[in-house]
1. Could you give me the residue pairs with C-beta distances under 6 Å whose first residue belongs to the stretch 23-44 and is charged (D, E, K, R), whose second residue is part of a loop (DSSP other than H, G, I, E, B) wherever it lies, and which are 6+ apart or on separate chains?
2. V94 passes all but one of (1) touching a residue at least 40 places away in the same chain (Cβ under 8 Å); (2) surrounded by 13 or more Cβ atoms within 10 Å (Cβ to Cβ); (3) β-branched (V, I, T); which number fails?
3. Pairs needed: first member in the stretch 51-64, under 26 Å from E117 (Cα atoms); second member anywhere, of a type in the set (D, E, K, R) and outside any loop (DSSP other than H, G, I, E, B); C-beta distance under 7 Å; at least 6 residues apart or different chains.
4. When the residues of the stretch 46-68 are narrowed to those that are charged (D, E, K, R), closer than 21 Å to L120 by Cα and in a loop (DSSP other than H, G, I, E, B), which ends up modelled with the lowest pLDDT?
Amino acid sequence: MTEPIKVLIVDDEDVIRQMVGRVLKYMGINNESAENGFQALEKLKAGRFDIIIADIRMPHMDGMELLKVAVKDYPDIDVIIMTAHAAKYSYVDVVEAGAKDFINKPFSVEEMKAKMERALRERRTMKELAGKSFRLEETYMELLAAKDELARLSNGINREREFLLGEIEQLHKDNARLKSGGGNR
């Protein structure tokens, strides 16, 4: 059984943290929140999270700095960046930095739900692919072992065959010698 998804909401605005938290709760997703990047890092060290939803502009440590740390130190966590400052950072900027998605503030509840559903679908798909990849690798290793066993058996059969052919050849020679009268008396 898989563990439930857990999201860390990081924003210096309490109203945004609460609104995103309510949307996630409505979706049945466990969540916690942090007021800034440093608090978020402490929560990441203390617990397991699957997704971070972080504002880009926060005091002390902004969302881009948090994104860089998350990508480096927590590669299994997906990050969605939120911003009201789309002119400073583009979708391309945050995705190239390692974010899975980008949300412009203000955003609607439907948009937040759609972004989360997409992130969750991608996570499920990646887990399924990883599982299938693992099973494929296991099967490949079993095939290699079977191939090695087949080669071993084949070598054994070839040695037996060569031995028997040698014996048959010797019998033919002995038979020919007996027919020609060259046998021992």
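1. Correct list of pairs: E35/D12.
2. So the condition that V94 fails would be (1).
3. If the second residue must be of a type in the set (D, E, K, R) and outside any loop (DSSP other than H, G, I, E, B), the pairs left are I51/D78; G63/D55.
4. Ranking the candidates gives R48 first.
Yes or no, residue by residue, for (1) in contact with a Lys or Arg (Cβ under 7 Å, 6 or more places away or on another chain); (2) assigned to a helix (DSSP H, G or I); (3) modelled with pLDDT of 90 or more:
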residue	(1), (2), (3)
R123	no, yes, no
S133	no, yes, no
E138	no, yes, yes
L143	no, yes, yes
L178	no, yes, no
G183	yes, no, no
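This table checks each residue for (1) surrounded by 11 or more Cβ atoms within 10 Å (Cβ to Cβ); (2) of a type outside the set (S, T, Y); (3) in contact with a helix residue (DSSP H, G or I) (Cβ under 9 Å, 6 or more places away or on another chain); (4) farther than 22 Å from G63 by Cα.
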| residue | (1), (2), (3), (4) |
| --- | --- |
| P106 | no, yes, no, no |
| E111 | yes, yes, no, no |
| L120 | yes, yes, no, no |
| M126 | yes, yes, no, yes |
| G131 | no, yes, no, yes |
| E137 | no, yes, no, yes |
| A146 | no, yes, no, yes |
| R152 | no, yes, no, yes |
| I157 | no, yes, no, yes |
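The values are calculated or read from the model by the stated rules, or taken from the named source; none is laboratory data. Computed from a predicted structure; not experimentally measured. So basically every Cβ, Gly included, is an ideal-geometry build from the backbone, and we count neighbours across all protein chains shown.
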